[in-house]
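The values are calculated or read from the model by the stated rules, or taken from the named source; none is laboratory data. This one's a predicted model, so the numbers in the text were calculated from it and none came from an experiment. With ideal geometry, Cβ positions are generated from the backbone for all residues, glycine too; neighbour counts draw on all protein chains shown.
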Amino acid sequence: MQSIEDVIFARVKKCGRGKEYFASDFAAYGESKAISKALANLVKKQILIKLATGIYYYPKIDKTLGLGALYPSLDTVAEAIARRDKARVAPTGLYALNRLGLSTQVPANFVFLTDGSPRRIKIGNGNGILFKHTAPKNLAFKSDLAMLITFALKEITQERVAPEHLDRLKYVLRQAPKEHILQDAQLMPAWIKKLILTLYE
């Protein structure tokens, strides 16, 4: 009879590398204490990486440059948590600016708005993810790009929008049809809607 550890390893191996797991994913295999012990053993054997409490990763291995186990990006982890919680998330703050190329600064903590539970998650390498609760209507955008631009501009504020920001946004908006972005116009502050219309001219 296979141990819980063996069963978990067989499952993650079958699914392939580069995938996040939660302790709850293995609930059918036994009691929570036994599952925790099995996961701890797999971490000790360097098969899994413990990203945070209850969150594990079966890493991709870089053999070309000899970098070893590759960690997932924080946004990948955030999206995995959102899927588990059946919640929506949206990048905001410095992370939104970085995603759009409006800032070269990479934040130590990635901030996401969510209609799920607010929480702070510390990832093993010292960085973290902060989920801030917001009203569901703020995440009702049909276009992810429109949502990202909206939250990035809110972070900059109307008074601090600079010519270099406008140049970058004009380039970004070339990737999406005007009607695709403006379908979410009712969710944007008036000044952001007006600015986007100007950039499409």
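Below are the figures for this structure:
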| item | result |
| --- | --- |
| Restricting the range 66-78 to residues that are of a type outside the set (Ser, Thr, Tyr) and out of contact with any strand residue (DSSP E or B) (no Cβ under 7 Å at 6 or more places or on another chain), the residue that is farthest from residue 19 (Cα to Cα) | 66 |
| Residues being surrounded by 15 or more Cβ atoms within 10 Å (Cβ to Cβ) and more than 13 Å from the chain's Cα centre (by Cα) - total across the range 133-150 | 10 |
| Residue within the range 32-43 that is in contact with a strand residue (DSSP E or B) (Cβ under 6 Å, 6 or more places away or on another chain), of a type outside the set (Phe, Trp, Tyr) and touching a residue at least 60 places away in the same chain (Cβ under 8 Å) present | no |
| Residue 169 more than 21 Å from the chain's Cα centre (by Cα), of a type in the set (A, V, I, L, M) and in a helix (DSSP H, G or I) | yes |
| Identity of the residue in the range 26-74, basic (Lys, Arg) and more than 30 Å from residue 1 (Cβ to Cβ), that ends up modelled with the lowest pLDDT | 63 |
| Hey, residue 56 closer than 26 Å to residue 122 by Cβ, touching a Cys at 6+ places or on another chain (Cβ under 9 Å) and touching a residue at least 24 places away in the same chain (Cβ under 8 Å) or not | no |
| Top-ranked residue of the range 162-201 - restricted to ones that are under 22 Å from residue 103 (Cβ atoms) and of a type in the set (Gly, Ala, Ser), ranked as surrounded by the fewest Cβ atoms within 10 Å (Cβ to Cβ) | 162 |
| Hits in the range 145-188 - residues which are of a type in the set (Asp, Glu) and without any contact (Cβ under 8 Å) to a residue 12 or more places away in the chain | 159, 164, 167, 179 |
| Test: residue 129 is at pLDDT below 90, in contact with a Leu (Cβ under 7 Å, 6 or more places away or on another chain), not assigned by TED's automatic domain parsing to the domain that holds residue 22 and not small (Gly, Ala, Ser) | no |
| Top-ranked residue in the range 71-122 [being under 11 Å from the mean Cα position of the chain (by Cα) and touching a residue at least 60 places away in the same chain (Cβ under 8 Å); ranked as farthest from residue 58 (Cα to Cα)] | 92 |
| Meets criteria (over 24 Å from the mean Cα position of the chain (by Cα), modelled with pLDDT of 95 or more, exposed (fewer than 14 other Cβ atoms within 10 Å of the Cβ) and farther than 19 Å from residue 98 by Cβ) for residue 159 | yes |
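Listed here are the residues, each with its yes/no results for (1) touching a helix residue (DSSP H, G or I) at 6+ places or on another chain (Cβ under 8 Å); (2) under 30 Å from residue 143 (Cα atoms); (3) charged (D, E, K, R).
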| site | (1), (2), (3) |
| --- | --- |
| 13 | no, no, yes |
| 20 | yes, yes, yes |
| 26 | yes, no, no |
| 36 | yes, no, no |
| 58 | yes, no, no |
| 63 | no, no, yes |
| 75 | yes, yes, yes |
| 82 | no, yes, no |
| 86 | no, yes, yes |
